[in-house]
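What follows is a set of notes on a single structure, which appears directly below.
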Amino acid sequence: MTSQSTSDPQTSIVPTTLRAAFLVITGAVLISFAPVFVRIADVAPTTAGVYRMLFGAMTLGMLLLLRPALRTGWRKSWCASALIAALFAADIWLWHQSIHYIGPGLATLLGNFQVFILTLVGVLWLRERVGWRFATGLGCATGGLWLLFGRDWTALPPDYRIGVIFGLLTAVAYGLYILTLRGFQIRHPGIRTEARLLQVTVLCGIMLAGITFLEGFSFTIPDYRSLAALVALGAFCQVGGWICISRGMPVLPAALVGLLLLIQPTSSMGWDALFFGLRLTPWELTGAVLALIGIYFGFRSAARRDPYRATRGRARS
């Protein structure tokens, strides 16, 4: 008797659990390099965002040309994508500024607090109820924040405090971006996610270019090292990481996804220590671990209430 796994055409399309886990891990690691590339590219933070969108759009465009099915609906709903892109531009601007002030690792950790924004919006707007997972996560995250920054807040340099505030605002902007993207994808089911992402990437790049012009920064890429970093930021982090995670997530249990996605902020902090000399005191290290535990429980809370939201509330990209 022939095995069904060899005769069912869908079994070759849907990833196995092991392959899905590998895809999520690969995506998380790719995305973890995003703040590193922003830091080593010798351009202004907003300029890095412009080229991230440019090279990301070019990569997506080539992908959609090679696979026509992925561009379904790309001509529609550009006004909705403009709103999504505005929130994404705010997220990118805030995050890149935070990276500039406090480094890739801590900025990425703060940005991952978006899981709490997703839940709080659900509580305040949709009257959703939260359980012990959210309370545990929020408590751990708050304690971690205090150990990382609150103990010596007044002694921190002003620029560093600005970077922390920008990092927390990044979480707000990113959470609203995810919710808006999700809402329009539900309202307009005829538009492929890849096509929507291309629209958002193009519009976000235009918005960031306008901000760069107003800030008075140059669009010049100074050397090949910066060019390589910006291409990698757009092609591998913006597109490659997102594709890997979005392909692997739906196959895995939410608990495993939440655990695997912690690879991204943890790796970013590791790269920060390795490449840029990040050093944490024992209290700060404890705070970082508590924050990661809090993020995990926050993800579990979102996944328990709304699996679709959890799969879209992915790692920082």
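We did not get these values from a lab; they are worked out from the coordinates using the rules stated. Predicted model, so just to flag it, every value in this text is computed and none were measured. Cβ atoms come from the backbone with ideal geometry, glycine included; neighbour counts cover every protein chain shown.
Descriptive notes on the structure:
- FRET E, pair residue 135, residue 165, Förster distance 25 Å, beta-carbon r, rounded to 0.05: 0.50
- With a simple spin-label model that places each label point 7 Å from the Cα along the Cα-to-Cβ direction, the separation between residue 213 and residue 69 comes to 4.0 nm.
- The order of 59, 220, going from fewest to most other C-beta atoms within 10 Å of their C-beta, is 220, 59.
- Dipole of the chain [Lys/Arg +1, Asp/Glu -1 at C-beta], most positive-end residue of 81, 282, 270: 81
- Taking chymotrypsin sites (Phe, Trp or Tyr not before Pro) in DSSP loop conformation with at most 16 other Cβ atoms inside 10 Å as exposed sites, the chain has its longest uninterrupted site-free stretch at 1-216.
- Once both labels are positioned 7 Å from their Cα atoms along Cα-to-Cβ, the gap between residue 18 and residue 155 label points is 5.1 nm.
- Helices that extend 27 Å or more along their long axis by alpha-carbon positions and average at least 0.0 on the Kyte-Doolittle scale are, among the DSSP H runs of the chain, 45-66, 78-102, 158-187, 193-215, 282-305.
- Sorting the Cα pairs of the stretch 180-226 by distance into bins of 10 Å, from 0 upward, gives 22, 32, 26, 18, 2 percent per bin.
- Our summary gives the chain a relative contact order of 42 percent, counting only alpha carbon pairs under 8 angstrom and 6 or more residues apart.
- The trypsin sites (Lys or Arg not before Pro) of the stretch 42-85 meeting both criteria, a DSSP state outside H, G, I, E and B (loop) and at most 14 other C-beta atoms within 10 angstrom of the site's C-beta, are 75.
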